[in-house]
Structures are given as C-alpha cells and as structure tokens.
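Here the structure comes first, spelled out in structure tokens, and everything after it is commentary.
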Amino acid sequence: QVQLVESGGGVVQAGGSLRLSCAASGHTFSAYAMGWVRQAPGKEREFVAAINRSGSSTYYADFVKGRFTISRDNAKNTVYLQMNSLKPEDAAVYYCARRVDSGNYYDTPSYDYWGQGTQVTVSS
C-alpha cells in the first residue's frame, strides 16, 4: 500500500530554517506529482508547494514564494521541502501528499494519499 512518511519537523526561531523530507513507498514514485500541505490549529489545510513527476516544474502558494523550495529525488523516492526565513505564521503540521493525475496542483482535494504529518513550530 502507499505510504508517505514525513520527517524533519521541529522547533525553530523566527528567521530560521528547516528541511522536511517525505519518504514514499508502495507505488511508482516517479509516476506521480507530489505536494506539501499544511494545517494550523483551527484552520483548514492549505496548499504549500508541489512538484511535477520529473521535478522540472514547481508550484508555490504566494505566502511561501521566495522562502520555501520543493524538490525531489526519484532515485530515493523522496520529496523535500526546504523552508527558510520561517515566520511564526508558518507554524503548522506539514503533510506530504500524492497528487492524482490531472488534479489541480493548488487544490488539496487533488491529493489522494497523505502522510501522518510533521509538526513545525516557529518561536518569535
């Protein structure tokens, strides 16, 4: 079965950096676009970033452009999210997700499998 396992979350001061990883198994990783979605307490899940199957195209929510970078290593079945210049409002549980074919990259319903999430806390 499809499994997505995130790691790399933690506590960081505002302005700091974290790198999230998501290890995928149970499917042909290179055949799917992947994304990161986050959810803060009391808020809905929101799209953060996505990357196409080959890694040649990336997509970002406006609030992370210029600060976050998504990448993937198909040989390692892993997708990454490098987060720089973190702000307190970036604090959330970050989920890795697999995009269904032809789904809109920016819409969370376009993702069919999700990891368990990793907590990111940003102190001011």
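Of all the residues in segment 7-64, those that are among the hydrophobic types (A, V, I, L, M, F, W, C), more than 16 Å from residue 76 (Cα to Cα) and not in a loop (DSSP other than H, G, I, E, B) number 11. Within segment 58-99, if we keep just the residues that are among the small types (Gly, Ala, Ser) and within 14 Å of residue 38 (Cα to Cα), the residue that is most open to solvent (accessible area, probe 1.4 Å) turns out to be 91.
The number of residues in segment 17-57 being more than 11 Å from residue 95 (Cα to Cα), at pLDDT 95 or above and surrounded by 15 or more Cβ atoms within 10 Å (Cβ to Cβ) comes to 11.
The values are calculated or read from the model by the stated rules, or taken from the named source; none is laboratory data. Everything numeric here is computed off the predicted structure, so don't read it as measured data. Every residue, glycine among them, receives a Cβ derived from its backbone with ideal geometry; neighbour counts consider all protein chains shown. Accessible surface is based on the protein model in full, side chains and every heavy atom, while ligands, DNA and RNA are left aside. Shrake-Rupley method; radii C 1.70, N 1.55, O 1.52, S 1.80 Å.
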